[in-house]
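Everything on this sheet refers to the single structure shown next.
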Amino acid sequence: MTTDPTGEDADRTAARPQRSLATRLVVVAAVWSIIALALAGVFLVSLYQRSSERAFDAQLDVHIKALIAEMLETDTTFVSGVAKTTVTEPTYRGDPRFSLPLSGWYWTVREGDSQTILYASDSLVGDPLNTPPMGDAEESAGFIAGPTGDEIRVLQQKISIEDTPYVIAVGAATAGFWADISEFARLVTLTLCLVGLGLILAIFFQVKVGLRPLFRLKASLAAVRQGDADKIDEALPREIAPLAVELNALIVSNREIVERARTHVGNLAHGLKTPLSVISNEARASGGNLAEKVSEQAAIMSTQIQHHLERARMAAQRRVIGVSCDTEPVLARLIRAMGKIYRDKGVEPEFQQAVAIRFRGEAQDLEEMSGNLIDNACKWAGSRVRVRVNALDDPATNRDMFEIIVEDDGPGLTPDQRAEAVKRGRRLDETVPGTGLGLSIVADLAGLYGGSFTLDGSDLGGLKARLVLPALRME
């Protein structure tokens, strides 16, 4: 089973919403860039915080060493001939903030792991500095609550003088410490946001430039589809140039198949019409009931052959890729021709088309379908024939369609007669010249194009023929 690449299945597939390839590439790259930049920001802020903590602890360690030196500034005494070092109370004021009450900068000296403070800075003004016990550690650092409840970074160091352990603690408020880190985080965030925006813009332009050959291929395909070009431009990057070559080969193959089909249809038409003509002539020359019957059946066979050959020809044309035409010139030419033909009858067809519409098919088919309808309307009209062309949107398949409405002020048809009028070879009035194939051919061809053909009553008083056909999207 084969599928018409230009038929309804292809239209339904094309109608499904598909995400743009460019959008997909930009979104994926942007998401990964944002994630990478966010992780980089967290990593940078973490590194800066650790570096700031080390610098802060180094500053506190300087004060601890100064306190230890001051505690050991004393004369060595001898007890029973053994030298003994006596610890003196330090009065360290290496930073003026150690003297200001509750300034946020404090130091204490404890004996061992007891919470009893032996010596303390003036800034504590008698309040305790609740440092955590050190255990077996020689040095520790951490965050505690200060006398005023504010957070303090405290560094503790254990020393031993004359076998007596002492714990020296120096602490400082962290308000400025965290403010520096917050400012750094803000600057990092701002910088990375600008970098991220620049990256996204660079990715966007990179994708646009990288996909430009695909846009050229799309435009070239559209030109072929609209009938403005015979083949796709193959001057493309080597990654997609083979695709253009294969598509051109497909287009050429499609055209060759259609031409062969047309040739076969023409050969078949000539091959059948000649024997039928001979049979009809012989029957008319012989006379008699048998000859009359043969002549009658030969006429029916000729009508059937004409119908099916015409349908086959139209089906072959329907499968041609890249065929389209503007509706206005075709219909305007038909209107002028019909006006001249039926001038003696007093019929001057009216034509209305508000917007430019392009029929997705051959001009010959459009001319044959609309010509049958306009000709039929002019034959039966009293004095008025109106032809209108309107753009449509088919919600079922999301296809672009248009309608041709042909109305007249003639006698019209009953609902049953309308149904009979589109049947193959059916004629409602033998007095009017014609083969009887007009409306049935219109219905068949409209169906081949995925459209429709209906008859109804007109507000002019006669018949209204409505022909719906596919339109080519104007880009």
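The values are calculated or read from the model by the stated rules, or taken from the named source; none is laboratory data. These numbers were taken from a predicted model, which means no experiment stands behind them. Positions of Cβ are generated from backbone atoms using ideal geometry, with glycine treated the same way; all protein chains shown enter the neighbour counts. In case anyone asks, the SASA skips ligands and DNA or RNA and just uses the protein heavy atoms, side chains included. Shrake-Rupley method; radii C 1.70, N 1.55, O 1.52, S 1.80 Å.
Quick notes on this one:
- Any hit, the stretch 175-187, residues being among the aromatic types (Phe, Trp, Tyr) and at pLDDT below 85: no
- Every condition in (1) part of a helix (DSSP H, G or I); (2) over 28 Å from Ala471 (Cα atoms) is met by Ala235 except one, and the failing one is (1).
- Gly271 being closer than 27 Å to Val27 by Cα and open to solvent by 30 Å² or more (accessible area, probe 1.4 Å): no
- Only residues that are on the phi > 0 side of the Ramachandran plot and among the charged types (D, E, K, R) were counted in the stretch 274-291, giving 0.
- Residues of the stretch 103-145 classified as modelled with pLDDT under 85, more than 24 Å from Arg50 (Cα to Cα) and of a type in the set (Gly, Ala, Ser), total: 4
- Looking only at residues in the stretch 346-403 that are touching a Cys at 6+ places or on another chain (Cβ under 6 Å) and of a type in the set (Val, Ile, Thr), the one that is modelled with the lowest pLDDT is Val347.
- Residues of the stretch 133-162 that turn out to be assigned to a loop (DSSP other than H, G, I, E, B) and surrounded by 13 or more Cβ atoms within 10 Å (Cβ to Cβ), as a count: 4
- Failed criterion for Thr191 (all others in (1) out of contact with any Asp or Glu (no Cβ under 9 Å at 6 or more places or on another chain); (2) closer than 30 Å to Ala22 by Cβ; (3) open to solvent by less than 30 Å² (accessible area, probe 1.4 Å) hold): (3)
- For Pro165, the test of being modelled with pLDDT of 85 or more and surrounded by fewer than 16 Cβ atoms within 10 Å (Cβ to Cβ) is passed.
- Residue list for the stretch 205-230, restricted to those being at pLDDT 80 or above and not in a helix (DSSP H, G or I): Leu211
- Whichever residue in the stretch 329-367 is assigned to a strand (DSSP E or B) and aromatic (Phe, Trp, Tyr) and, among such residues, is surrounded by the most Cβ atoms within 10 Å (Cβ to Cβ): Phe359
- Residue pairs whose Cβ atoms lie under 7 Å apart, sitting 6 or more positions apart in sequence or on different chains, and linking a residue in the stretch 244-257 that is surrounded by 13 or more Cβ atoms within 10 Å (Cβ to Cβ) to a partner that is assigned to a helix (DSSP H, G or I), are Ala244/Leu217; Ile251/Val224.
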